[in-house]
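Undergrad: This is the structure I want to talk about, given as structure tokens.
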Amino acid sequence: MSETLKYSVRPGTIRTLSILCAIGGGLTILGLFLAPSSVWPNILIAAQLVIELGLGGIVFVAIMYVSNAGWSVVFRRVPESMSSILPIAGIVMVLMVFGIHTLYEWSHASAVAKDALLQLKSSYLNVPFFIARLVAYFIIWIAFARIIRRNSERQDEHNSIALTAKNVRWSAAFLVIAAITIWLASTDWVMSLEPHWFSTIFGMYHMAGVLLSGVAGVSLLTIVLHRRNAFDAPVREEHFHDLGKLLFAFSVFWMYIWFSQYLLIWYANIPEETGYFIRRENSGWLTFTVLNVLFNWLLPFIALLSAAAKRREGMLLKVSIIVLIGRWIDYYWMIAPPFNPDAPALGIWELAPVLALVAAFFLVTLKSFSKRNPVPINDPYLVESLNYHT
């Protein structure tokens with residue numbers, strides 16, 4: 001296949017996303033002065049959402065490499081481009097250090113001095129080590145993402161199968177390291193918000209979320225770009241069918257982990273563990289518990305249950321949007337209750353950070369996609385992908 005024309009993002013799209021990002025960012029900065037206790041948790045929620053999308057994209061690419069899956073090659077530039085948000089997300093998380101005392105109880109020396117449990121955890125939960133781990137996570141994720149993307153891009157010029165072999169090895173290493181670092185990061189950033197609560201399945205729960213977000217993001221962007229004729233190659237019904245199967249499977253997997261965590265804590269009935277769910281089933285939070293399950297599992301499960309539904313790009317697009325809304329609900333459900341114990345609060349300070357970072361994600365992803373060939377023209381599996389199931 002000869003060199004393809006790069007996709008040009010519509011100026012109107014760039015302008016709209018830039019305006020949304022500016023409005024959300026401006027309101028977020030204003031909120032840091034007017035209502036910091038409300039804004040900091042929601043910056044964390046928005047950051048976790050786009051981190052999940054960025055990691056989900058490169059994890060999707062890595063899984064395709066290690067499994068020698070050729071079907072997804074034609075739209076592989078989409079998940080590769082999604083990982084471009086990670087440097088920006090890393091900057092946001094580093095800036096979150098300025099709100100660390102608002103967010104994390106264990107960051108207060110006075111609280112640690114009065115609490116025996118926090119004292120036991122202080123060798124791990126302390127500000128310098130927390131910051132060091134945060135920086136290390138992003139260095140690792142960004143480095144692997146850039147190596148995998150660079151080898152993929154170099155193959156467009158050099159037509160070397162050795163670059164595919166290199167990416168298989170890098171992807172295998174990345175998946176192992178990503179599993180460990182995602183587990184640790186979820187413990188640091190989310191579970192330690194309530195340091196007296198703990199769950200050994202919490203890291204797996206977040207990995208399920210990364211897989212679910214990744215496939216939903218890839219599906220949504222692939223459909224939108226396909227409708228705008230961004231690919232100089234056919235994206236077929238069979239490609240959407242397989243994306244639909246993955247979205248269905250990871251939604252069920254997410255629910256399996258969610259229910260496993262809930263059931264074991266409910267059955268054991270240990271006060272140190274049950275408090276987490278008791279808080280989320282009372283004072284107005286039960287609605288969000290129901291919405292969490294509804295958007296992340298029940299609606300996708302019903303919508304994609306049939307093979308015919310998985311093959312319809314319109315249905316897949318709707319379900320992808322539902323799932324991405326569900327991912328925000330999930331993070332809001334995990335992060336917000338300690339700061340709003342009486343009832344959920346949804347206003348300008350809660351929505352502005354999400355608007356800013358989600359708009360930034362789509363803006364960065366589309367710009368990254370437009371800078372490279374939309375199709376990996378010399379990938380050895382491209383012919384298989386172009387003729388998938390035909």
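The values are calculated or read from the model by the stated rules, or taken from the named source; none is laboratory data. Bear in mind that the values here come from a model prediction, so they are computed numbers and not experimental data. As a convention, Cβ positions derive from the backbone with ideal geometry for all residues, glycine included, and neighbour counts pool all protein chains shown.
Undergrad: How do the helices (runs of 4 or more DSSP H) wholly within the stretch 110-212 filter down when requiring 3 or more residues that are aliphatic (A, V, I, L, M) and touching a helix residue (DSSP H, G or I) at 6+ places or on another chain (Cβ under 6 Å): which remain?
TA: Working: elements: 116-121, 127-158, 161-189.
Filter on the stretch 110-212 gives 127-158, 161-189.
Undergrad: Tally the residues that are modelled with pLDDT of 95 or more and of a type in the set (F, W, Y), restricting the search to the stretch 207-248.
TA: 2
Undergrad: Any idea which residue in the stretch 203-218 is surrounded by the fewest Cβ atoms within 10 Å (Cβ to Cβ), counting only those that are in contact (Cβ under 8 Å) with a residue 60 or more places away in the chain and hydrophobic (A, V, I, L, M, F, W, C)?
TA: L211
Undergrad: If you don't mind, another one. Those residues that are surrounded by fewer than 19 Cβ atoms within 10 Å (Cβ to Cβ) and among the acidic types (D, E), I need them from the stretch 351-390; list them, please.
TA: Within the stretch 351-390, just E384 meets the criteria.
Undergrad: Mind checking whether some residue in the stretch 163-174 is surrounded by fewer than 19 Cβ atoms within 10 Å (Cβ to Cβ), aliphatic (A, V, I, L, M), under 26 Å from S251 (Cβ atoms) and at pLDDT 95 or above?
TA: Checking the stretch 163-174: at least one residue is surrounded by fewer than 19 Cβ atoms within 10 Å (Cβ to Cβ), aliphatic (A, V, I, L, M), under 26 Å from S251 (Cβ atoms) and at pLDDT 95 or above.
Undergrad: Step by step: first the residues of the stretch 64-87, then only those that are crowded, with 18+ Cβ neighbours inside 10 Å and among the β-branched types (V, I, T), then the one that is nearest to I131 (Cα to Cα). Which residue is that?
TA: I85
Undergrad: Out of (1) at pLDDT 95 or above; (2) surrounded by 19 or more Cβ atoms within 10 Å (Cβ to Cβ), the odd one out for I348 is which?
TA: Checking I348 against (1) at pLDDT 95 or above; (2) surrounded by 19 or more Cβ atoms within 10 Å (Cβ to Cβ), the one that fails is (2).
Undergrad: Continuing with the same structure: Search the stretch 215-273 for residues being among the small types (G, A, S) and assigned to a helix (DSSP H, G or I), and hand back the single one that is nearest to H196 (Cα to Cα).
TA: A268
Undergrad: Specify which of the listed residues (A345, A360, A303, A309) is of a type in the set (A, V, I, L, M, F, W, C), under 18 Å from S38 (Cβ atoms) and in contact with a helix residue (DSSP H, G or I) (Cβ under 8 Å, 6 or more places away or on another chain). Before the answer, list the steps.
TA: Values: A360 fails: under 18 Å from S38 (Cβ atoms); A303 fails: under 18 Å from S38 (Cβ atoms); A309 fails: under 18 Å from S38 (Cβ atoms).
That would be A345, the only listed residue that is of a type in the set (A, V, I, L, M, F, W, C), under 18 Å from S38 (Cβ atoms) and in contact with a helix residue (DSSP H, G or I) (Cβ under 8 Å, 6 or more places away or on another chain).
Undergrad: In the set V358, V364, V319, V375, which member is outside any helix (DSSP H, G or I) and either more than 25 Å from S283 (Cα to Cα) or of a type outside the set (A, V, I, L, M, F, W, C) (or both)?
TA: After ruling out the rest, the residue left standing is V375.
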